[in-house]
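Student: Have a look at the structure that comes next, please.
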Amino acid sequence: MRHIHVIGAGVVGLATALRLQQEGHKVALIDRNGPGEMASRGNAAGIAWTDVAPLASKGIWRKIPGWLLDPLGPLSVRPAYALKILPWMLRFSRASLPDKLKHSVLGKAAINKASLPAWERLWQSSGTRHHVFMKGCLEVYTEHSQIEGVRKGWQEQREHGIEVEELNGNQIRELEPDFSENVVGGALVPGWMSVDDPHALCLSLAEAFERNGGKILKSSVSHVQPQGDHIVLHLEGEEQILSDHAVIACGAWSKTLAAQLGDKVPLETERGYNTTFSEPNVALKHAVMVPGLGFAVTQLSHGLRVGGAVEFGGLEMEANWKRADAMAEKASRLLPGLNRENGIRWMGHRPSMPDTLPVIGHSKQSDRVTYAFGHGHHGLTQAAITAELVSDLICGETSKIDCTLYSAQRF
Ligand SMILES: Cc1cc2nc3c(=O)[nH]c(=O)nc-3n(C[C@H](O)[C@H](O)[C@H](O)COP(=O)(O)OP(=O)(O)OC[C@H]3O[C@@H](n4cnc5c(N)ncnc54)[C@H](O)[C@@H]3O)c2cc1C
């Protein structure tokens, strides 16, 4: 039995702490906020294991110029951040070259395919399966030309064994009668799952962890320092903790700690916005993606959540709430009955790597520090499988997936 500290109690840290605890280790979580308070709090609730295409792809470069023309569109760069994001963008562009893209597709398909069975194991073992809310996702489009552009991607998903059924506008309205005639077609992906509320899921995972004897400390870790057979964790207020092993699961804030351990990871944040309407006046039976407009609409237990998009603006800049309002406005065109009163707006920081693959692996300086961050748009989806991979690495077990794909030293 080892004494392990997991830094960061987002969905990735929580899943990892639970898994390590189940493996018989003495585990503590450290977070400067409460469990699931940051990116894991307000996301779109999708266990999106059916997605196999990385964000960096050939097709995306045709769309980016148009998106950038609209400051409230699916992608924007805050002017004061334009120079800072340039090196990440260059890496993102390199990741869309054929040989690199092949690597990303392999890595993303492998982790996403394994993610649902891993969640099933974690939901069962932690008593949290009641959060699984509904099955199936509708991808909808407002222009026929957009559908022609995505058929190849659907075919790619089918080649990975994922069921994708193309539907016309009327077939979509049969499934979801609240949609207007603006929806001209799309596809049903029946395997997709949604949870009732991502924050509630995090709180239930935290409860299960504490019920089993786990401790959650509220503090900020400023330094992670390997020292002989131990790791010294420096906390705020000059407190120090001696541990056998540390896991860094600090989401978009992981870069500084990784740099202290000799790993210069190109981690950036893709900021996303949404609004949750508690009395939306429309009810959806499927998760809905609107890729052409860059947002999703998700039915939750406590309302309808509309949002998504990507904004590059780093970790410190204030939110631009016009982005959340613009997506809600666009959603109204597809769902004319949507009541947009009393919406609660939210902004979250996706922890994003330029090749769309997370960082899961030991640090360069010490095998006693393991990384679990950089899951971008799929942190909820990939949390439980990440937890299993981290546990395998720490226990020296052979992993289900080749973890070199996710190594921090791949750059
Ligand atoms: C709009 C939007 C929609 C999304 N939709 C989906 C979706 O449908 N499906 C999906 O799979 N993913 C989705 N995502 C992505 C997902 O939310 C993230 O990938 C995921 O939440 C990342 O989890 P995490 O635990 O790595 O990070 P976080 O949840 O951000 O947790 C990191 C934690 O580390 C703590 N921390 C940081 N630094 C320190 C430190 N030095 N000391 C102590 N604590 C520290 C923070 O307080 C935080 O609690 C979405 C994201 C956004 C923004």
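The values are calculated or read from the model by the stated rules, or taken from the named source; none is laboratory data. Only a predicted model underlies this, so the values are computations on that prediction, with no experimental measurement involved. Don't worry about glycine lacking a Cβ; one is built from the backbone with ideal geometry, like all the others, and counts go over all protein chains shown.
Student: Tell me the residue from Asn33, Asn112 that is within 16 Å of the ligand (Cβ to nearest atom), exposed (fewer than 15 other Cβ atoms within 10 Å of the Cβ) and under 30 Å from Ser204 (Cβ atoms), please. Spell out how you get there, then give the answer.
Tutor: Values: Asn112 fails: exposed (fewer than 15 other Cβ atoms within 10 Å of the Cβ).
That would be Asn33, the only listed residue that is within 16 Å of the ligand (Cβ to nearest atom), exposed (fewer than 15 other Cβ atoms within 10 Å of the Cβ) and under 30 Å from Ser204 (Cβ atoms).
Student: Same structure, new question: Could you tell me which of the residues Ile60, Ile47 is within 15 Å of the ligand (Cβ to nearest atom) and either hydrophobic (A, V, I, L, M, F, W, C) or at pLDDT below 95 (or both)?
Tutor: Numbers: Ile60 fails: within 15 Å of the ligand (Cβ to nearest atom).
Step by step, each of Ile60, Ile47 is checked, and only Ile47 is within 15 Å of the ligand (Cβ to nearest atom) and either hydrophobic (A, V, I, L, M, F, W, C) or at pLDDT below 95 (or both).
Student: Output the number of residues of segment 331-347 satisfying the condition of being modelled with pLDDT under 95 and buried (at least 16 other Cβ atoms within 10 Å of the Cβ).
Tutor: The qualifying residues number 0.
Student: For the condition out of contact with any Ser or Thr (no Cβ under 7 Å at 6 or more places or on another chain), small (Gly, Ala, Ser) and within 16 Å of the ligand (Cβ to nearest atom), what is the one hit in Ala383, Ala387? Walk me through how you get there before you give the answer.
Tutor: Values: Ala387 fails: out of contact with any Ser or Thr (no Cβ under 7 Å at 6 or more places or on another chain).
Just a single option satisfies the conditions, and that option is Ala383.
Student: In addition: Do the conditions hold for Gln365, that is, is it closer than 17 Å to Gly262 by Cβ, touching a Pro at 6+ places or on another chain (Cβ under 6 Å) and either surrounded by fewer than 16 Cβ atoms within 10 Å (Cβ to Cβ) or in the same structural domain as Gly313 (by TED's automatic domain parsing) (or both)?
Tutor: Details: closer than 17 Å to Gly262 by Cβ: yes; touching a Pro at 6+ places or on another chain (Cβ under 6 Å): yes; either surrounded by fewer than 16 Cβ atoms within 10 Å (Cβ to Cβ) or in the same structural domain as Gly313 (by TED's automatic domain parsing) (or both): yes.
Yes, satisfied.
Student: So which residues in segment 202-261 are more than 12 Å from the ligand (Cβ to nearest atom), part of a helix (DSSP H, G or I) and charged (D, E, K, R), if there are any at all?
Tutor: Listed by number, the residues that qualify are Glu207, Glu210, Arg211, Glu238.
Student: Mind listing whichever residues of segment 275-308 are in contact (Cβ under 8 Å) with a residue 40 or more places away in the chain, part of a strand (DSSP E or B) and touching a helix residue (DSSP H, G or I) at 6+ places or on another chain (Cβ under 6 Å)?
Tutor: Thr275, Phe295, Gly307
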